[in-house]
Amino acid sequence: MNPDERGKLRYFLNSTRYVFAFFFSLGKRARKTKVLYLVSFLPVLMSMVIKFTQIFYDRQFIEGIYIFSNMIMTFYLQFLILILALFFGTSVCSEELEGKTLTYLTTRPVPKSSIILGKYAAYTSLTILMTVTGVVFSFLILNVNDLLNLSIYKILFRDAAVLCLGIICYTSFFTFIGTFLKKSIMFGLIFCFGWENVIQYFPGSTQRFAIAHYLKSLLPAASPGGRFSFLLFRLEPTTPAVAIAMLLLITTVFITLACIVFSLKEYIFED
């Protein structure tokens, strides 16, 4: 790599870092983020209700880790990370169009692809932060009687890692959708609760067209009536290595497409 190429790469990385820092700080204070923080704590509220019910009615025979794996993880994988990724991902571009700030942003001496990458990284980081915080609190509440059992923490780390991969992948997809669709939220809702929540239960190779398939493939195989049995219903998993490779490939493809579309498309503001 010659000096000119190194200089351009350094400038691109510095620009991306600047955009990331600015929008991460701005995003933390945004009203939308505060609302989504409250939404992300719904599983914590669910966990508190379940635990208090167990204590009040003396139903401690149900393991906290079983509830966490079957109920809380189902809620995160099937609903919460989809919603968070949808609203943050589509807003990478759409909020600039709706606020008519895109012109001011693109006239700065910053590559357009740096804007997409920086905002994507900032919003993905915020989503991961609020998700992992909720997961940890839910886990601790449900397993408060078993916190000295170190073996359960590997489940927490694995599940948190799977959710983070899901957020990274889904947000890249919705970032791409937001760069060229005006009704990106509507399309995203159809994708989340239509395609993504239906196609994963189809038999055979069809279910591999759902991102959720690869996320669930990273969870342990379910035994009938046992842990993860509901979450992994009808799953025909791919190997963990292939699942991770596919998630990273999907992320790379869609964030690259988002950068290309945003760099080439001329956006027209509506009155």
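Before moving on, here are some points about what is shown:
- With respect to (1) at pLDDT 80 or above; (2) not in a helix (DSSP H, G or I), the lone exception for residue 170 is condition (2).
- Selection within segment 209-230 - surrounded by 16 or more Cβ atoms within 10 Å (Cβ to Cβ) and either within 20 Å of residue 250 (Cα to Cα) or at pLDDT 75 or above (or both): 210, 211, 212, 213, 214, 215, 216, 217, 218, 219
- Tallying residues that are closer than 30 Å to residue 70 by Cα and of a type in the set (A, V, I, L, M) within segment 19-46 yields 8.
- Any hit, segment 155-162, residues being modelled with pLDDT under 95 and more than 18 Å from the chain's Cα centre (by Cα): yes
- Taking residues in segment 8-26 that are surrounded by 13 or more Cβ atoms within 10 Å (Cβ to Cβ), and partners anywhere that are among the aliphatic types (A, V, I, L, M) and not in a helix (DSSP H, G or I), the pairs with Cβ atoms closer than 7 Å and at least 6 places apart or on different chains are 15/110; 19/110.
- Some residue of segment 33-55 being surrounded by 12 or more Cβ atoms within 10 Å (Cβ to Cβ), in contact (Cβ under 8 Å) with a residue 40 or more places away in the chain and in contact with a Lys or Arg (Cβ under 7 Å, 6 or more places away or on another chain): no
- Residue 206 vs. criteria of a type in the set (Ser, Thr, Tyr), at pLDDT 75 or above, in a helix (DSSP H, G or I) and under 18 Å from residue 83 (Cβ atoms): no
- Given (1) part of a helix (DSSP H, G or I); (2) at positive phi, index of the condition residue 100 fails: (1)
The values are calculated or read from the model by the stated rules, or taken from the named source; none is laboratory data. All of these numbers come straight from a predicted model, not from anything done at the bench. So basically every Cβ, Gly included, is an ideal-geometry build from the backbone, and we count neighbours across all protein chains shown.
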